[in-house]
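K.L.:
Dropping a structure here in structure tokens format, bear with me for questions.
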Amino acid sequence: MDFMDHKDLKNELFESEEVKEKYEKLNVMYEIKKQIIRYRIENNLSQKELAEKIGTKQSAISRLENDGYNPGVEFLDKVAHAIGKKLEIRFK
């Protein structure tokens with residue numbers, strides 16, 4: 001049985017425009033979540049403490065960081081303000 005390495009498999013999958021589009025959508029959310037988690041860790045904040053700054057429950061932060069949850073722009077804006085950042089959305 002021949003096995004593909006990660007790069008070959010990714011290239012083959014990306015031949016499909018549908019797969020490529022879904023990957024890009026997921027990648028955007030992954031990057032947002034990664035930034036929020038990084039900020040929280042760098043500032044020694046628990047999920048509960050970040051939630052309190054936003055005015056929400058710890059479970060909302062947990063969902064944001066862990067699940068396939070797709071938060072709305074309003075929620076992301078609250079998170080941005082709570083961590084001293086500005087939410088920017090651009091079309092490229």
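What follows draws every value from the coordinates through simple rules; no lab data is involved. This structure is a prediction, so every number in the text was calculated from the model and none was measured. We place every Cβ from the backbone using ideal geometry, glycine too, and count neighbours over all the protein chains shown.
K.L.:
Grab the DSSP H runs of the chain that are 4 residues or longer, score each as -39,500 (n - 2.57), total them, divide by all residues and round the 222 nm result to the nearest 500 deg cm²/dmol.
P.N.:
So the calculated ellipticity at 222 nm is -20500 deg cm²/dmol.
K.L.:
Moving to a separate point now. Using 0.36 nm times the number of residues separating E15 and K92, minus their current alpha carbon distance, what extension gain do you get?
P.N.:
Additional length available on full extension: 25.6 nm.
K.L.:
How big is the range 42-92 on each of its three principal axes, counting only the C-alpha atoms and giving the largest first in Å?
P.N.:
34, 25, 20
K.L.:
May I ask you to order 29-40, 50-61, 3-14 by the average number of other C-beta atoms within 10 Å around their residues, highest value first?
P.N.:
Ranking the peptides 29-40, 50-61, 3-14 by packing returns 50-61, 29-40, 3-14.
K.L.:
Something else about it: Taking the square root of 5 times each eigenvalue of the Cα gyration tensor, what semi-axes in Å does the equivalent ellipsoid of the range 6-82 have, largest first?
P.N.:
Semi-axes from the Cα gyration tensor: 30, 13, 9 Å.
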